[in-house]
1. Ignoring ligands and nucleic acids, what accessible area does residue 564 show with a 1.4 Å probe (Å², nearest 10)?
2. Determine, for the stretch 163-270, the count of lysine pairs separated by eight or more sequence positions (or lying on different chains) whose alpha-carbon distance falls under 25 Å.
3. Any chance you could give the angle, 0 to 90 degrees and rounded to 10, that helix 443-452 forms with the longest Cα principal axis of the chain?
4. In square angstrom, what is the accessible area per residue of the chain with a 1.4 angstrom probe?
5. Testing the spin-label approximation: label points 7 Å from Cα along Cα→Cβ at residue 205 and residue 460. State their distance in nm.
6. To the nearest 10 degrees, how steeply does helix 161-208 sit against the main Cα axis of the chain, on a 0 to 90 scale?
7. Accessible area of the chain with a 1.4 Å probe: how many percent of it is carbon plus sulfur?
8. Using amide H atoms built in the peptide plane, which far-off residues or other-chain residues are under 5 Å from residue 349 H to H?
Amino acid sequence: MKAIKFPVLKKVLQFAKPYKSRYISVVIFAVLLSIFAALRPYLLKQTVDEYISGGDSNGLLNYIILMGSVLLLEVISQFHFVYWSNWLGQDIVKDIREKLFGHINTFKMKFYDNEPVGKLVTRTVFDIESIAKIFSHGLFLIISDLLKMTVVLAFMFYMNWKLTLIVLVAMPILLYATRRFQLKMKGAFQEVRTQISNLNTFVQERLTGMKIVQLFNREDIEYEKFKAINKKHNKAWLKNILYNSIFFPIADIISSLTLGFIIWYGGINIINGDNITTFGDLFAYTMLISMLFNPLRQIADKFNELQMGIIASERVLELLDEDEVQESGTVKASHFKGNITFKDVRFSYIPDEEVIKGINLNVKAGETIAIVGTTGAGKSTIINLLNRFYEIDNGSIAVDGTDINEFTLETLRKQIAIVLQDVFLFADSILNNITLNNPDITREDVIAAAKAIGVNDFIMTLPNGYDYNVKERGVMLSSGQRQLIAFLRAYVSNPSILILDEATSSIDSYSEELIQTATDKITQGRTSIVIAHRLATIINADKIIVMDKGLIVEQGTHQELMNHEMGYYKNLYYSQFAVETEG
């Protein structure tokens, strides 16, 4: 059984520990099932030899009732075995899925930069569902079948050891065929899982980016790519089907030939008047051979399910063993004053390719600073580092004199609110998208906050108001409306530090006016860091940080920086921002 990775199976079985009593019950019913199943052919032999051949009608009736009772017990055992094993499997899968999702939530952003979403969906949904088959269709059924075969063989030797030896001659052939089948199926299933993951990743990415696909007339090209991936998926399954198509007919032929030889050999003995075989033996062996060979034949099929589950388990366990988890400090952050210090901070997304090159920055409590610079200057990276989405390579970042690594991630991020340029909304109501189901934020709190920053009127124009479902990614709202929801989400959380990645370049003037009002309101009385895209925000900032290629090249107020002849900010102002004054 080298094809089975027992260390992986052992790890999965660890999840059954909380359900020890249920696990034991499954094993007990598997034993009872094998005994009752093997007992029926033996009772049939006794019925034929003792009561039908002997003409004892009373004894025949009693044995028929006995056989019916055994059959009933077998059915009851079968029910409990199937129900309890499936129940156990589903509860284990529930526990693994919860543990996996909780683990994924703690990963660093670097992990998500490198892993396709479709692959993670496959691990969390499809692979974990395959693990359930280890218990419902694989391991327990294999154990049950092996027990049944053992008991059946014991009964066969007890009834007629000579006929049983004939049966045993054929078994090595079937065992060899089963073994070869198992090894072939292992590779086939691994390929199937790989292609399913590739297919899920491709479909997820294209559906998410459908606007780009259609905007650049990529429909035919993406369709051809999908056909190529789908063809690989199809070929992987066809290999699986081919092996099944070869094995099962071979198993059926071996079983049928063995049964035919038993009938011939036993029949000749009866015709010749030998006492080696009875009519009851022939009746019983007709059933017993089926009970012996069918489980062996089906074990290969169930082994497929077990193999699929183990392969899926290996993938899931690899993800559970992933060490890309953010380390959390021990200090619980209470309300910050808002003093922020960057000291000699260096950072690289890719090793040896620094994007932040030793910056020093001091932000006083209550200040609003604007960060400006060309694309790729490192503006958004500053936000990512302050929230510990990524870990710095060197230097330190402190809030109110305490290194941010010392704070627990939960309390640190609770004190910092971000309004991103690309607003993400869930397929849920506006209210739930604002509160994010935080029980500490009531509907009344949201409405009061919306009125305070001038967003309430806009929300009330929507059908069902705060209960309006914005659908997936907020497609039912305009970009400006989504931005307003993001501002309200940040404001209602009452953060100590506010970070704004302004994105008003592609929205209507009405939404822009509301956003400017919201910006003025929510930045009052708290430390605010704004990645500036509009002139008004820059001029009103207490300090402007000018970045270029991962360095802070200038800082000061708008007027101070404009007084620098040939200064970086002055050139940037005239090339990017001054056009607003001309309009």
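1. Taking all protein chains as shown, residue 564 has close to 80 Å².
2. 15
3. Taking the Cα atoms of the chain, the angle to 443-452 is about 30 degrees.
4. Details: 29320 Å² over 583 residues.
In whole numbers, the chain has 50 Å² accessible per residue.
5. My value for the distance between the label points is 4.7 nm.
6. 20 degrees
7. After summing per-atom areas, the C and S share lands at 57 percent.
8. So residue 349 has HN proximity to 355.
The values are calculated or read from the model by the stated rules, or taken from the named source; none is laboratory data. This structure is a prediction, so every number in the text was calculated from the model and none was measured. In this analysis, Cβ positions are derived from the backbone assuming ideal geometry, glycine residues included, and neighbour counts consider all displayed protein chains. Remember, those area values only see protein heavy atoms, side chains included, never the ligands or the DNA or RNA. Shrake-Rupley method; radii C 1.70, N 1.55, O 1.52, S 1.80 Å.
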